[in-house]
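Q: One structure follows; several queries about it will come next.
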Protein chains: 2
Amino acid sequence: MTRGDTAPTRPRGGLADKRRAILAGALTVFARDGYTRTSLDAISAAAGVSTRTIYNHFTDKARLFQAVIQESATRAADAQIAIIDRHLTKVVDLEADLVEFGLAFTAPTAAEHAEHFALVHQINAEAGHIPQPAIDAWQETGPLRVRRALAAHLGRLTERGLLEVADPDRAAVHLLLLISVADPSYRGAVPTREAISETVAAGVRVFLRGYLR
Amino acid sequence: MTRGDTAPTRPRGGLADKRRAILAGALTVFARDGYTRTSLDAISAAAGVSTRTIYNHFTDKARLFQAVIQESATRAADAQIAIIDRHLTKVVDLEADLVEFGLAFTAPTAAEHAEHFALVHQINAEAGHIPQPAIDAWQETGPLRVRRALAAHLGRLTERGLLEVADPDRAAVHLLLLISVADPSYRGAVPTREAISETVAAGVRVFLRGYLR
DNA sequence: TACTTATTGCCATACACATTGTAGTTTACT
DNA sequence: AGTAAACTACAATGTGTATGGCAATAAGTA
């Protein structure tokens, strides 16, 4: 009963922000190296915690991974939803606002939560080896929640006559895809701020033409 | 000098379609389990070949992985480009043809080359641990080649006045994204043929509105 | 049939790593 | 200061697995 809020399980004697540290370190390593490559030694090093302590907080490497997924997905989705709300609640110039939204959504998100998105790649790859319930839970608290938030705004914009969206959920998927700064050259090529701007602007343009009137 | 064409390296004594078998088996296992999880024993089992033979053909697990990537990417890209050419060379009804193209591109491609696309996930996840040249080579013979082929057709359609595409490459990216049957629920939910149809049709509709006139 | 080369089975090495046990040490709270 | 809980270092166990070395065998070729 000291400050009870973080640790849902056993050890929480007051001196342990260890759990946070572990989750943070694990996120870093899992995101970079993937589940299988990641050793508990690496995590313990990254977290500044002994491996033994990790086993005191999380019974298993697998459970730790799932906990990391949930944690990271929650935070990233929260951040994204905040951006969505901030940009799409009071809309004046639809195109301009969508572009700004797209920029806010891609660039900084990718920067702050870079680790998270690397983790998403790992999850996709590992999908066949992660228990389905865990994947479902992740989808629910992460991507699906975000998409639903966006869809809700698109629906509202439709009601206000600013858009013509029959299937808000599909429209949300389309918008997210179109403003994504996908594939080009992968690592190495640091996309210019201008390149991102153009990509987003072009995506928004196509989206609007597709869903306007 | 027996039949020389497949094996670019050492052993090719005539009795060895082993190389093919190894690549096929390795693709299966790498795609399913990812690089790190995959053991050479598993590959040898899947290929019906002794592990020792694998080392006679490929010096390394890493090189084998790269060879598999190249092989698989080449075949998948070839197939996709064939579909692109087949559907977008003589266009009569643009929307109808694009929808058919989209269906041909997503559904059967994903079926026949399912392993390849699983492998792509693995590559994305492993990206940080694959030598950059190998990744570049893959991008070049795979995704970029496909995109360029599609872009060429879109350019041609623009010249014929059927489309209004300023940046064919970006348009190609957009089209590919919009007809992709992405994320929903992941594994488990077998997307209905109708669901796919609708998704593709909706994507094409947005694309056309964005790039028509 | 004799010869070359690929393939195989099996062994051996060596390491990496998950996981647990134990005993000592630190920390927070009273 | 004293106590209980949490943390740490360390060792130990067991397993998986990349990779190399051989000698025996099979297969294709002359």
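FYI, it's all coordinate maths here, none of it is from the lab. None of the values given here were measured: they were computed from a predicted structure. As a convention, Cβ positions derive from the backbone with ideal geometry for all residues, glycine included, and neighbour counts pool all protein chains shown.
Q: Hey, can you grab everything whose amide H is under 5 Å from the amide H of residue B:91? Only 5+ residues off in sequence or another chain; H modelled, so Pro and N-termini drop out.
A: For residue B:91, whose amide H was placed from the backbone, there are no distant partners under 5 Å.
Q: Can you give the alpha-carbon Rg of chain A over 2.2 N^0.38 Å, where N counts its residues?
A: 1.17
Q: In a Gaussian network model over chain B where Cα atoms closer than 10 Å are linked, find which of B:38, B:28, B:74 has the largest mean-square fluctuation.
A: So, out of B:38, B:28, B:74, the one fluctuating most is B:38.
Q: Also, I was wondering about something else. Sort A:89-95, A:138-144, A:117-123, B:50-56 by packing, meaning the average of other beta carbons within 10 Å per residue, with the highest value first.
A: The most tightly packed comes first, giving A:117-123, A:138-144, B:50-56, A:89-95.
Q: Taking a label point 7 Å out from Cα toward Cβ, give me the nm distances from residue A:198 to the same spot in the other copies, shortest first, one decimal.
A: Here the equivalent label points are 3.7 nm apart from this one.
Q: Cross-link partners among lysines for residue B:61, C-alpha distance below 21 Å, same-chain residues fewer than 8 apart left out?
A: Correct list for residue B:61: B:18.
Q: Charges at C-beta only: +1 for Lys and Arg, -1 for Asp and Glu. How large is the resulting dipole of the protein assembly as shown about its Cα centre, in Debye rounded to 20?
A: Computed charge dipole of the protein assembly as shown: roughly 1000 debye.
Q: Going 7 Å from Cα along the Cα-Cβ axis for the label, what nanometre distances separate residue A:59 from the same residue across the other copies?
A: Values, ascending and in nm: 4.7.
Q: Taking each label point as 7 Å beyond Cα in the direction of the beta carbon, state the distances from residue A:136 to the same residue in the other copies, shortest first, in nm.
A: So the label point of residue A:136 gives 4.6 nm to the other copies.
Q: Once you list every other residue whose beta carbon is under 11 Å from the beta carbon of residue B:27, what net charge do they have if Lys and Arg are +1 and Asp and Glu are -1?
A: Result for the local shell: +1.
Q: State the Cα centre-to-centre distance between segment A:136-157 and segment A:30-106 in whole Å.
A: That distance is 16 Å.
Q: Which whole number gives the average count of other chain Cβ atoms within 10 Å of the Cβ atoms across peptide B:142-149?
A: 1
Q: Could I ask something else about it? Each residue of segment B:48-56 in turn: what ³J(HN,Hα) in whole Hz from Karplus with 6.51, -1.76, 1.60 and θ = phi - 60°, glycine and Pro shown as x?
A: My calculation for segment B:48-56 gives x, 9, 6, 4, 4, 5, 4, 5, 6 Hz in order.
Q: Convex hull over the Cα atoms of the protein assembly as shown, averaged projected area in nm²?
A: One quarter of the hull surface, i.e. the mean projection, equals 24.4 nm².
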